[in-house]
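Colleague: Encoded as structure tokens, here's the structure I'll be asking about.
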Amino acid sequence: MSEIKPFNAQEEFIDPEAKSKRYYGYISGVGAGKTFAGILRTIHNMTEWNVGEMGAIIAPTRQMIVNVIIPEMRDLGLFDEGWEYKSAYSDQPGIHTDAGSRALILSADNRQTIERLRGLNLAWVWIDEKTAVPKRAQEIAMQRLRTGDYRNLYVTTTPKGKDDTYEFFVGNVETTQRNLEYGTVYEAEDRMAVVGVPTDANPHTPQDYKDAMAKDLPEEIRQQEVEGKFV
């Protein structure tokens, strides 16, 4: 497996030692390591926290999972370490480990797929690009966290205004705040989010990409897409 080196904001989101919250959020600009952070929490769930249990990865479309998340897992060497990806046409589709852990792959562009969550018992759920996923998907997923040793739901996204993601982690709960080198941690009794992680924070993103993202954007769009802020 490739060497994994999360930076500070990602480490706060992964929180591998504490496991103190039920809900986690990583809200950042584009290119600031959202997918990588989500994969790292998924690795912990499938190999340490909830071995042998079933979880789910939800994305706006199935193509986002197949074309973005699965290739990044391959780049990390996970499928050389006993993991296996089975397509939607197999008897048990999803991602499997040799220890019996399983991750279902669900797309939010199909209402029937989201409603199918009702019949599942899950240990963990990852919602990627949450602002493009219906609020209903998270509501149902939260109700299905019934198995495993550490039941947890986590979202990764670039913000899109002060929407339901903002309300869930920041606006509608009493939080404490803690500033990081990049971003701010908002923490409540059962949830925590790292908010405002800018594109610049990711040491693995090419500098010319960062420079291009910072140019010629309206201020409000720049704050949202580059700085990862709720505006």
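The values are calculated or read from the model by the stated rules, or taken from the named source; none is laboratory data. If you're wondering where the values come from, they're calculated on a predicted model, not measured in any experiment. So basically every Cβ, Gly included, is an ideal-geometry build from the backbone, and we count neighbours across all protein chains shown. Only protein heavy atoms, including side chains, enter the accessible area calculation; ligands, DNA and RNA are left aside. Shrake-Rupley method; radii C 1.70, N 1.55, O 1.52, S 1.80 Å.
Colleague: For region 119-187, which GluC sites (Glu not before Pro) are in a loop by DSSP, counting at most 12 other Cβ atoms within 10 Å?
Modeller: Sites meeting the loop and neighbour criteria: Glu174, Glu181.
Colleague: Follow-up. Treat each spin label as a single point 7 Å out from the Cα along the C-beta direction, and report the Asp109 to Val66 distance in nm.
Modeller: About 1.1 nm, to one decimal.
Colleague: Number of Lys pairs in region 98-231 with C-alpha atoms less than 22 angstrom apart, excluding same-chain neighbours closer than eight positions?
Modeller: 12
Colleague: Over region 84-161, with the other protein chains present, what is the accessible area per residue in square angstrom, probe 1.4 angstrom?
Modeller: The answer is 46 Å² per residue.
Colleague: If you don't mind, there's one more thing I want to ask. Net charge near Trp124, counting Lys/Arg +1 and Asp/Glu -1 over other residues with Cβ under 12 Å of its Cβ? Present the calculation step by step, with values, prior to reporting the outcome.
Modeller: Numbers: positive: Lys19, Arg22, Arg41, Arg102, Arg144, Arg146, Arg151; negative: Glu48, Glu53, Asp149.
Neighbour charge sum, excluding Trp124 itself: +4.
Colleague: Report the per residue volume, in Å³, of the convex hull enclosing the C-alpha atoms of region 161-230. Spell out each step's value before the answer.
Modeller: Values: hull volume 6.3 nm³, N = 70.
With only Cα atoms used, region 161-230 gives 90 Å³ per residue.
Colleague: Pull up the cross-link candidates among the aspartates and glutamates for Lys19, meaning alpha carbon to alpha carbon under 19 Å and not fewer than 8 places away within one chain.
Modeller: Glu11, Glu48, Glu53, Asp149, Glu187, Glu189, Asp190
Colleague: I need the chymotrypsin sites (Phe, Trp or Tyr not before Pro) found in region 35-103, filtered to DSSP loop residues with at most 11 other beta carbons within 10 Å of theirs.
Modeller: Tyr89
Colleague: Can you give me the orientation-averaged projected area of the convex hull built on the Cα atoms of the chain, in nm²?
Modeller: Details: hull surface 48.9 nm².
Averaging across all directions leaves 12.2 nm² for the Cα convex hull.
Colleague: Here is a further query. How big is the antiparallel share of DSSP beta bridges in the chain, given as a percent to the nearest 5?
Modeller: Approximately 30 percent, going by the DSSP bridge assignments.
Colleague: On average over all directions, what projected area in square nanometres does region 109-171 have, based on the convex hull of its Cα atoms?
Modeller: Values: hull surface 17.4 nm².
Dividing the Cα hull surface by four gives the mean projection, 4.4 nm².
Colleague: Taking every pair of alpha-carbon atoms in region 10-81, what share in percent sits in each 10 Å bin, from 0 to the bin with the longest distance?
Modeller: In whole percents, the pair-distance histogram is 17, 51, 31, 1.
Colleague: Would you tally the net charge around Tyr85, using a Cβ to Cβ cut-off of less than 15 Å, leaving Tyr85 out, and scoring K and R as +1, D and E as -1?
Modeller: It works out to a net charge of -3.
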